[in-house]
């Protein structure tokens with residue numbers, strides 16, 4: 001019997017039990033609905049994915065890839081989500097679990113679990129190829145998910161990520177994969193914001209089967225109203241604000257026509273439905289970011305007037321909490337998409353209160369280039385945390401409640 005057949009049979013009972021839940025409780029979240037084997041990627045193919053990255057990263061082994069479809073929650077209702085699971089092919093026991101949370105993506109077909117993924121290959125090479133089990137949620141609205149994407153909504157990003165960790169623990173058990181509960185978080189751009197949301201939740205409510213060892217947020221936005229929004233306006237981030245405001249209108253049930261200029265209120269709901277790419281969306285957007293909005297809504301965006309949008313930004317900001325497990329902030333010094341002041345604001349809040357936070361520079365690089373520079377220093381740090389744990393050395397970690405596919409292009413990832 002093939003390896004794939006064993007996995008499918010192992011989950012027949014799980015999927016039948018979880019198939020028709022109209023609402024979801026904590027015990028149902030992370031229920032596994034489907035596991036698809038995507039094949040094995042050999043060491044040579046992984047090395048090719050790692051070769052363009054800074055730092056001469058070595059790859060030591062092959063990986064197996066799987067698409068997971070699992071249950072999560074949105075507005076208290078059960079919804080399905082998907083993600084990519086990468087398992088080292090030749091290790092009895094992984095060195096730990098790396099949860100990677102990707103940057104901005106508006107297209108379902110480019111999500112990590114899909115054949116044309118923009119995220120997942122590099123992470124499979126750098127971390128999976130060096131002995132880590134790697135978990136990459138697609139996010140709601142992407143991959144197999146059909147709901148609107150709740151972009152930069154802290155609770156939704158937190159839930160879809162933690163529920164995939166629940167699903168992975170179940171899948172690993174069914175596969176008889178060796179298990180190391182050490183959990184390491186890494187997020188880029190939008191994913192940096194998500195890392196903060198996940199870490200804060202795990203430190204409030206530890207997740208059975210995992211022990212948080214450390215986290216890295218690369219070019220993350222945390223003070224959404226006070227820092228991120230003004231910086232995006234100053235740097236004319238038309239695409240970011242179009243995606244963000246559309247997502248917030250949908251999530252908070254606000255009329256799109258109240259926020260966007262009339263022509264955009266007509267066009268954007270269709271273009272931002274998960275089935276179009278930025279090459280289709282960008283030509284519709286104005287050159288000036290302020291031309292996106294109605295005059296009344298622009299007063300909120302400019303900070304001249306309080307309203308539902310400014311309150312929502314504050315609700316989803318993550319700049320006033322104190323991490324217990326080490327949280328490192330990495331930024332490029334020439335980034336015009338995300339301000340380094342975002343990380344500094346959270347750092348300066350947490351550090352005097354005993355937070356395990358630190359600031360790190362990736363050099364004078366822009367936003368996209370910082371993603372290529374992050375892997376080598378992050379891998380080195382994760383390896384040091386793994387080695388210290390195995391040696392029984394000093395560590396600071398959050399508590400726990402237990403212990404070849406088709407060739408892909410190295411596509412340009414968004415922030």
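Laboratory data are not the source of any read-out in this text; all were calculated from the coordinates shown. Every value quoted in this text rests on a predicted model; they were computed, and no experiment measured them. Cβ coordinates were reconstructed from backbone atoms using ideal geometry, including for glycine residues, and neighbour counts include every protein chain displayed.
Quick notes
- The Kirkwood hydrodynamic radius of segment 228-275, based on inverse pair distances between different Cα atoms, is 11.3 Å.
- Scattering from the chain was approximated by placing one identical point on each alpha carbon and applying the Debye formula without solvent; log10 I(q)/I(0) at 0.10 1/Å stands at -0.64.
- Label separation (residue 311 vs residue 58): 5.7 nm, computed from points 7 Å beyond Cα along the C-beta direction.
- Anisotropy class of segment 291-382 from Cα gyration tensor, a/c 1.5 cut: oblate
- Computed label-point distance, nm, for sites residue 276 and residue 369 using a 7 Å Cα→Cβ extension: 3.2
- Calculated diffusion of segment 132-257, Stokes-Einstein form, Kirkwood radius summed over Cα pairs, 10 °C and 1.306 mPa s, µm²/s: 99
- Cα centroid of segment 238-281 to Cα centroid of segment 120-142, whole Å: 29
- Helix-only [θ]222 nm of the chain, DSSP H runs n ≥ 4, -39500 (n - 2.57) each, per residue, nearest 500: -11000 deg cm²/dmol
- Where the Cα pairs of segment 34-193 fall when distances are cut into 10 Å bins, in %: 11, 44, 35, 10, 0
- The simple Förster model, with R0 at 25 Å and r as the Cβ-Cβ distance, assigns residue 353 and residue 236 a FRET efficiency of 0.10.
- Kirkwood Rh in Å, taken over segment 230-355 so that all alpha-carbon pairs contribute: 16.3
- With each label modelled as a point 7 angstrom along the Cα→C-beta vector, the residue 146-residue 391 pair spans 5.3 nm.
- Restricting the calculation to Cα atoms, segment 45-124 shows an Rg/Rh of 1.01 when the hydrodynamic-style radius is the Kirkwood one.
- Gyration tensor verdict on segment 238-301 (Cα atoms; rounded if a/c is under 1.5, prolate if a/b is larger than b/c, oblate otherwise): oblate
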